[in-house]
Every structure is written in C-alpha cells, then in structure tokens.
Amino acid sequence: MDQNRWPESGELVVCTVKNVTDFGAYTTLEEYDQKEGFIHISEIKAGWVKYVRDHVREGQKIVCKVLNVDPTRRHIDLSLKDVNEHQRREKIQEWKNEQKAAKWLQFAAEETNTDKAAIDSLLNQFYDYFGSAYSAFEEAAINGPEAFREIDINKKLKDSIIKIAQENIKLPFVNITGYVDLTTSHPSGIDSIKESLSAAAQIKQEDVKIDISYIGAPRYRIKVIAPDYKTAESVLKKASQIAIDSINNAGGKGVFHRHIDTAAKA
C-alpha cells in the first residue's frame, strides 16, 4: 500500500485508540498505514466532557470523521461526535470488507507466487480505479475478466482473483458502479455539489438501492444494486445524469465515467 496516502477532510476512518489524555485521545488510522490522529476533548461528544476516559479507552476501535489533514506536520485532526450510529455501522462493515479483500489478495499472491511489491502496486490500482479493494473483488465476481480491462495485471493473478471473488462473494442482486466528476468555481459550490448528489440519490425504484460515496475531489462513486443488469444500468445512467444536469444548472460541470481510467484521473 502507498504509505503516502492520506485521508481527505470529511472522510470517515476506522481508528484504534492509542493513548487517552485529559485533553483528548491519540489514535492510529487502520486504513492509512497506522498514521496518527488526534481527537480533541471538544470533539469527543456533543456537550461538556469531564473525563475523556468515560467515552473512549485504549485499544478501542472507533469511527471518526477527518476534520483536517496536514501531511507536512504528519498531523490529522479527528472528530468522534460528528459520526452517527448508522455511519459508524456502515464504516465498520466497509472496513471489515476491506480486511477480507486484503486476505483474498494475499491468497491470490501465494497461489501465483506474486511478490509483495507487485501486490502493493495492484492494491493501489484497486483504490484508484474502484475506490476500494473489496469493490474490485465485487466487480470481478460480477463481470469476470472485463472488470480488469484497464488494470495492469498479469493473467495468472487476474484469473486467481476472479476465481476467489466468485467463490466468496454471493450476489443475489447485480451490483454495478459508475463515477461522476463534479466541479464548480462558485463560492457556494460545495452546497451545489451536495444538492446534485442528493438529487441523484432520490431515485425511487422497487428493489433498487443507490449508494453515493466520496472517492477524492472531484470524484464521487455511484453504486447501484438492482435485480438485473438492465435495471441497474438504467438507474445508474439516470442518477449520474441527474447529478450532472444539477451541477450544470448551478454553473458547474459534470462528467460521467463508467470506469475510472488514467485519462479521467488526469
């Protein structure tokens, strides 16, 4: 994994409490090479906190929101109070899925005698292209070799990953992903982007679920789970177009990508 990866402000992260003090708690970020973060006592809980230890303890796994990141000082400010229970449960499940994916990738590496450097490089590609390692395995389970047409991966390793994915991920519904890049230079641009994504998420259709998540400025992932591919593709197209039309109407610009590729990221 790229040790230079840093979280984005506003991102939810899984942390392990390392040290509790009178004025806050120091943590390590599980998904970012154990980088250290700090939760000030004012960000522990809404309202007055007398003793930090009444709310967090050493060794505890918690979900925090990233407030500020300063890579030059290797400093990350975190908030515990800004994460609700629903967000906490979803993030913990996402983290557990990533742990599964890491184990599956290790199995594939052992099966194909692939060295650690090659696996780390592939893992970084998975993050860049799919948003997460587990999403890469989901795509492999659904689409087979087609999922990796833009990924630099040798055939033996690719075949092993596809086999592991299809053996371990059970998909009663189809699950497809697309991406939208939303940009605006307007002073209230962040609100316009939020409104665009909110509008896209409002599509209501029986047995269809839409999940929109932040990948990294200016990119957002739209995941659609539906009973069949035709429905999923239709809803993905409709949701992405709603987001693009909304940001265009607000004076910004929107672009849809079915997959993330090098040109789209440039």
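Here ARG57 clears all of (1) of a type in the set (Lys, Arg); (2) under 30 Å from LYS155 (Cβ atoms); (3) loosely packed, with under 13 Cβ neighbours inside 10 Å except the condition numbered (2). Among the residues of the range 80-94, just one is without any contact (Cβ under 8 Å) to a residue 12 or more places away in the chain and either under 30 Å from ALA118 (Cβ atoms) or crowded, with 17+ Cβ neighbours inside 10 Å (or both), namely GLN93.
Looking across the range 61-79, the residues that are out of contact with any helix residue (DSSP H, G or I) (no Cβ under 6 Å at 6 or more places or on another chain) and crowded, with 16+ Cβ neighbours inside 10 Å come down to ILE62, CYS64, LYS65, VAL66, LEU67, VAL69, ILE76, ASP77, LEU78. Apart from one condition, TRP6 fits all of (1) under 12 Å from ASP77 (Cβ atoms); (2) of a type in the set (A, V, I, L, M, F, W, C); (3) outside the structural domain of VAL69 (by TED's automatic domain parsing); the exception is (1).
One line per residue, one yes/no per condition, for (1) under 26 Å from TYR134 (Cα atoms); (2) in contact with a Ser or Thr (Cβ under 7 Å, 6 or more places away or on another chain):
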| position | (1), (2) |
| --- | --- |
| THR184 | no, yes |
| ASP191 | no, no |
| SER196 | no, yes |
| SER213 | yes, no |
| ILE222 | yes, yes |
| ILE225 | yes, no |
| GLU233 | yes, no |
| SER240 | yes, no |
| ASN248 | no, no |
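Taken together, the residues in the range 15-54 that are within 15 Å of ASP82 (Cβ to Cβ) and modelled with pLDDT of 95 or more amount to 12.
For the range 184-191, does any single residue satisfy the condition of being surrounded by 19 or more Cβ atoms within 10 Å (Cβ to Cβ) and of a type outside the set (S, T, N, Q)? For the range 184-191, residues surrounded by 19 or more Cβ atoms within 10 Å (Cβ to Cβ) and of a type outside the set (S, T, N, Q): absent. Among the residues making up the range 94-141, those that are farther than 24 Å from HIS257 by Cα and polar (S, T, N, Q) are ASN97, GLN99, GLN106, THR112, ASN113, THR114. Of all the residues in the range 95-120, those that are in a loop (DSSP other than H, G, I, E, B) and surrounded by fewer than 17 Cβ atoms within 10 Å (Cβ to Cβ) number 2. Restricting attention to the range 34-52, which residues are touching a helix residue (DSSP H, G or I) at 6+ places or on another chain (Cβ under 7 Å) and over 29 Å from ARG5 (Cβ atoms)? VAL49 - this is the single residue of the range 34-52 that is touching a helix residue (DSSP H, G or I) at 6+ places or on another chain (Cβ under 7 Å) and over 29 Å from ARG5 (Cβ atoms). Here the range 239-266 is the region considered, the condition is being part of a loop (DSSP other than H, G, I, E, B) and touching a strand residue (DSSP E or B) at 6+ places or on another chain (Cβ under 7 Å), and the residue that is modelled with the highest pLDDT is GLY252.
The values are calculated or read from the model by the stated rules, or taken from the named source; none is laboratory data. Not measured: the values here are computed from a predicted model. Methodologically, a virtual Cβ is constructed for each residue, glycine included, from the backbone with ideal geometry; neighbour enumeration extends over all protein chains shown.
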